[in-house]
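Below you'll find the structure, written out as structure tokens, and then a few comments.
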Amino acid sequence: MRGDPEAHELIAPRTLTGVLSLLASEPGQWTPIAGGTELMVAFAAGRLTARKLVNLWGVPDLRFIRTEPDRIVIGAGSTFRDLRKDPTVSAEFPLIAKAASWIGSIANQSRATLGGNLVNGSPAADSSPALLAYDAQAELVSVRGSRIVPYTQFHTGYKRTVLAMDELLYAVHLPRRFAQHRHYLRKVGTRRAMAISKTGLAGCALIEQGVVREIRIGAASIAAFPTRLYLAENAVCDRSVTPETIRDARSAALTEIVPIDDIRSTAEYRRIVTLNLLREFLCTLSSASGER
Ligand SMILES: Cc1cc2nc3c(=O)[nH]c(=O)nc-3n(C[C@H](O)[C@H](O)[C@H](O)COP(=O)(O)OP(=O)(O)OC[C@H]3O[C@@H](n4cnc5c(N)ncnc54)[C@H](O)[C@@H]3O)c2cc1C
């Protein structure tokens, strides 16, 4: 049954300071709402348990993309449309621009925020594998100040994060050092558009003189939250990409992934497809490293 608007209270402070003061005044009582593309679906289905909502939409301090000499900083309130349009994101972080173009529809991309995608914490979130591949950091803020955590440590369990009850996700930081890297992203869903992914994989690797010097692989739906394939990365690092390397990486990945099993797909399908995506990514590197 649809939610009842009278059962909910919504405050829109319009400034970051106002939002943080409200969160600090009653920790855990106020739930941020940004684009609302997750929360309003829950409301429409009568599943929205949060009674007190604080509106982040229209808070200018959260919606920015700032290019600095060594990094870009993306405000949590940036929409996926903002990300698609930003020239630095497109040129230097193509996996993020590509993931943004896959999220829902154009209408959805104009409301859905990066912060909402990450804090919602779905194992299938489309922006997460790319952020893992690019070694992202999350900046959290409260009235007590701000702190930075590696994005690899942001999720602590299924739909759980390190955010304290009075904290917001403020921004995502990405180092600007991937110009020479190879980039790979695939989303596997029921359709090419308007489908939550069954699984997805993002990779970023640096090849020097035929050898993989640096590699990060982020994947969706292979654990309770988006995560890196550390063992597969280790199996490839400091080696050239031969069929043997690929075999070793796939064997390593098999031991570290525990795919989710839900209405969209089975764990077994996700396991097989993730390993296939890993092979596809590594094959793109083998041509870069001169191997066939
Ligand atoms: C039709 C449709 C299609 C979709 N397709 C996709 C898809 O293809 N891929 C995909 O990944 N997702 C998809 N989604 C899910 C959704 O659009 C995304 O997860 C979106 O990024 C959520 O952002 P939002 O701003 O709308 O979040 P909201 O609904 O506003 O909030 C989501 C959660 O994040 C919290 N939150 C938001 N911002 C902050 C912040 N700065 N700090 C702390 N907490 C915060 C809220 O409290 C809430 O718990 C789809 C949704 C719909 C309705």
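The values are calculated or read from the model by the stated rules, or taken from the named source; none is laboratory data. Bear in mind the structure is a predicted one, so any value in this text is a computation, not a measurement. Quick reminder, even Gly has a Cβ in these numbers, built from the backbone with ideal geometry, and neighbours come from all protein chains shown. Note: areas computed on protein heavy atoms with side chains; ligands, DNA, RNA excluded. Shrake-Rupley method; radii C 1.70, N 1.55, O 1.52, S 1.80 Å.
A few comments on the model shown:
- Filter pass, R47 being open to solvent by 30 Å² or more (accessible area, probe 1.4 Å) and either under 25 Å from I217 (Cβ atoms) or in contact with a Ser or Thr (Cβ under 7 Å, 6 or more places away or on another chain) (or both): no
- Looking across the range 44-79, the residues that are away from the ligand (no atom under 13 Å from the Cβ) and under 18 Å from L118 (Cα atoms) come down to I65, I72, V73.
- Within the range 170-192, tally of residues that are at pLDDT 95 or above and within 16 Å of the ligand (Cβ to nearest atom): 6
- Check on G104, closer than 22 Å to Q29 by Cβ, open to solvent by 20 Å² or more (accessible area, probe 1.4 Å) and either within 11 Å of the ligand (Cβ to nearest atom) or at pLDDT 95 or above (or both): no
- Contact annotation: residue pairs with Cβ atoms under 8 Å, 6 or more positions apart or on different chains, pairing a residue in the range 93-115 that is among the β-branched types (V, I, T) with a partner that is assigned to a helix (DSSP H, G or I) and more than 6 Å from the ligand (Cβ to nearest atom), are I96/L83; I96/V89; I96/A130; I96/L131; I103/F80; I103/Q109; I106/R81; T113/F80.
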